[in-house]
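*Asks:* Just passing along the structure, written as structure tokens.
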Amino acid sequence: NAGVMQNPRHLVRRRGQEARLRCSPMKGHSHVYWYRQLPEEGLKFMVYLQKENIIDESGMPKERFSAEFPKEGPSILRIQQVVRGDSAAYFCASSPGTKETQYFGPGTRLLVL
Amino acid sequence: QKEVEQDPGPLSVPEGAIVSLNCTYSNSAFQYFMWYRQYSRKGPELLMYTYSSGNKEDGRFTAQVDKSSKYISLFIRDSQPSDSATYLCACFSGTYKYIFGTGTRLKVLA
């Protein structure tokens, strides 16, 4: 049973470009969460999605950031016009239900030059 | 004040030592408490999951929750160099939003 998959594992972008991060949840999981981790900081909640619905995006900056989880395919975290401050590790987690344990993927490390 | 506080360390111990990792939290609504282990440049891996107060044991790991003092602990017995990692506590009120501590870096010296 494959775990949560994320790609790419590493992503380098220049300021002003777009970054697209993908997350495929574990089989049977329909709940996806995105977190951001900065060096020496814990994981910060960004957004919670179920299939085709954004449930809570309170942790996601209102500008430049968006997320989706379509009926088919992976969840996408999209960052437009990236800035150096967006450099971080972005982790996706999934669970089978709202109150169930969240399992994390290996993360995507975004570096903005 | 952060909702979940955790000493970042680093904590260095000799192989075979008992390790005690701790977090405090401020939100009385938290009912579920987790410990994740994160190796360098990897994703967090769930170690222990406990509900409400009490102890839970799994092999060399024991998780302890004291809701009266809002204090959670993870004990590692017979620590090994392979236990060297960052340990993250997480608290959860039963909705969907996990609140994480900043993590404690542990180094077990051979």
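The values are calculated or read from the model by the stated rules, or taken from the named source; none is laboratory data. All values derive from a computational prediction rather than experimental measurement. Using ideal geometry, Cβ is built from the backbone for each residue, glycine included, and neighbour counts are taken over all protein chains shown. Side chains included, ligands, DNA and RNA excluded: accessible areas come from the protein's heavy atoms. Shrake-Rupley method; radii C 1.70, N 1.55, O 1.52, S 1.80 Å.
*Asks:* In segment B:1-37, whose amide N lies under 15 Å from the spot 7 Å out along Cα-to-Cβ of B:TYR71? List them in ranges.
*Replies:* B:5-7, B:20-26
*Asks:* Compute the distribution of all C-alpha to C-alpha distances in the protein assembly as shown, in bins of 5 Å from 0, and list the percent of pairs in each, rounded to whole numbers.
*Replies:* It works out to 1, 7, 15, 18, 18, 16, 12, 7, 4, 1, 0, in whole percents.
*Asks:* Could you give the size of the charge dipole of the protein assembly as shown about its Cα centre, using +1 on the Cβ of each K and R and -1 on the Cβ of each D and E, expressed in debye and rounded to the nearest 20?
*Replies:* 720
*Asks:* With each label point set 7 Å from Cα along the Cα-Cβ vector, what nm distance links B:GLN31 and A:ARG20?
*Replies:* Placing both labels 7 Å beyond Cα along the Cβ direction yields 4.0 nm.
*Asks:* Oh, and also: As a test of understanding, state the convex hull volume per residue of chain B from its alpha carbons, in Å³.
*Replies:* Here the figure is 95 Å³ per residue.
*Asks:* On to the next question. Loop only by DSSP, 13 or fewer other Cβ within 10 Å of the Cβ. Give me the chymotrypsin sites (Phe, Trp or Tyr not before Pro) in segment A:29-70 that pass, ordered by residue number.
*Replies:* Loop-located and lightly packed - none at all.
*Asks:* By what distance, in whole Å, do the Cα atoms of segment B:71-110 stretch along each of the three principal axes, largest value first?
*Replies:* 41, 16, 15
*Asks:* Counting only protein heavy atoms and using a 1.4 Å probe, what share of the accessible area of the protein assembly as shown belongs to carbon plus sulfur, as a whole percent?
*Replies:* 48
*Asks:* To the nearest 0.05, how large is the calculated FRET efficiency for A:ARG78 and B:ALA17 if R₀ is 41 Å and r is the Cβ-Cβ distance? Intermediate results must be reported in sequence, preceding the final value.
*Replies:* On the way: r = 46 Å, r/R0 = 1.11.
My answer for the efficiency is 0.35.
*Asks:* Is there a quick way to get the dipole size of chain A? I mean about its Cα centre, with the Cβ of Lys and Arg at +1 and of Asp and Glu at -1; what is the value in debye to the nearest 20?
*Replies:* It works out to roughly 380 debye.
*Asks:* Next question, about the same structure. Just grab the label-to-label distance for B:GLU45 and B:LYS97, each label 7 Å out from Cα along the Cβ direction, in nm (one decimal).
*Replies:* The answer from the label model is 3.0 nm.
*Asks:* Follow-up. Strictly greater than 19 Å: what percent of every Cα pair in chain A meets that?
*Replies:* Summing the P(r) tail past 19 Å for chain A gives 39 percent.
*Asks:* A follow-up question, please. Which is farthest toward the positive dipole end of chain B among B:ASN22, B:TYR98, B:SER84, measuring Cα position about the Cα centre, with Cβ charges +1 (Lys, Arg) and -1 (Asp, Glu)?
*Replies:* B:TYR98
*Asks:* Pick out, in residue order, every one of the chymotrypsin sites (Phe, Trp or Tyr not before Pro) in segment B:17-74 that is DSSP loop and has at most 12 other C-beta atoms within 10 Å; say none if there are none.
*Replies:* Working: sites: B:TYR25, B:PHE30, B:TYR32, B:PHE33, B:TRP35, B:TYR36, B:TYR39, B:TYR49, B:TYR51, B:PHE61, B:TYR71; in loops: B:PHE30, B:TYR39.
Those satisfying the criteria are B:TYR39.
*Asks:* For segment B:14-58, what is the per residue volume of the convex hull drawn over the alpha-carbon atoms, in cubic angstrom? Write out the running numbers ahead of the final one.
*Replies:* On the way: hull volume 5.6 nm³, N = 45.
Dividing the Cα hull volume of segment B:14-58 by its residue count gives 125 Å³.
*Asks:* Moving on. How fast does segment A:1-62 diffuse by Stokes-Einstein, in µm²/s, taking the Kirkwood radius from C-alpha pairs at 37 °C and 0.692 mPa s?
*Replies:* On the way: Rh = 13.5 Å.
Using the Kirkwood radius from Cα pairs, D works out to 244 µm²/s.
*Asks:* Which loop-located trypsin sites (Lys or Arg not before Pro) does segment A:22-113 contain, where loop means any DSSP state but H, G, I, E or B and the Cβ has at most 14 other Cβ atoms within 10 Å?
*Replies:* Those that pass, being in a loop and sparsely packed, are A:LYS27, A:LYS51, A:LYS62, A:LYS71, A:LYS99.
*Asks:* While we're on this one: Test of understanding: in a Gaussian network model of chain B with alpha carbons linked when under 10 Å, which of B:ASP83, B:ASP66, B:ASP58 would top the mean-square fluctuation ranking?
*Replies:* Sorting by GNM fluctuation, first place goes to B:ASP58.
*Asks:* OK, next. Using a basic spin-label model with each label point 7 Å from the Cα along Cα→Cβ, how many nm lie between B:LEU109 and A:GLU40?
*Replies:* 2.3
*Asks:* Counting only other chains, what is the mean number of Cβ atoms within 10 angstrom of the Cβ of each residue in peptide B:43-52?
*Replies:* Numbers: counts 15, 12, 3, 5, 0, 0, 2, 0, 0, 0.
What the average comes to for B:43-52 is 4.
*Asks:* So if R0 is 30 Å, what FRET efficiency would A:ASP56 and A:VAL12 give, r being the distance between their Cβ atoms, rounded to the nearest 0.05?
*Replies:* Working from the Cβ atoms, E equals 0.50.
*Asks:* How many partner chain Cβ atoms sit within 10 Å of a residue's Cβ in peptide B:90-103, on average, as a whole number?
*Replies:* Neighbouring Cβ atoms belonging to other protein chains average 5 per residue here.
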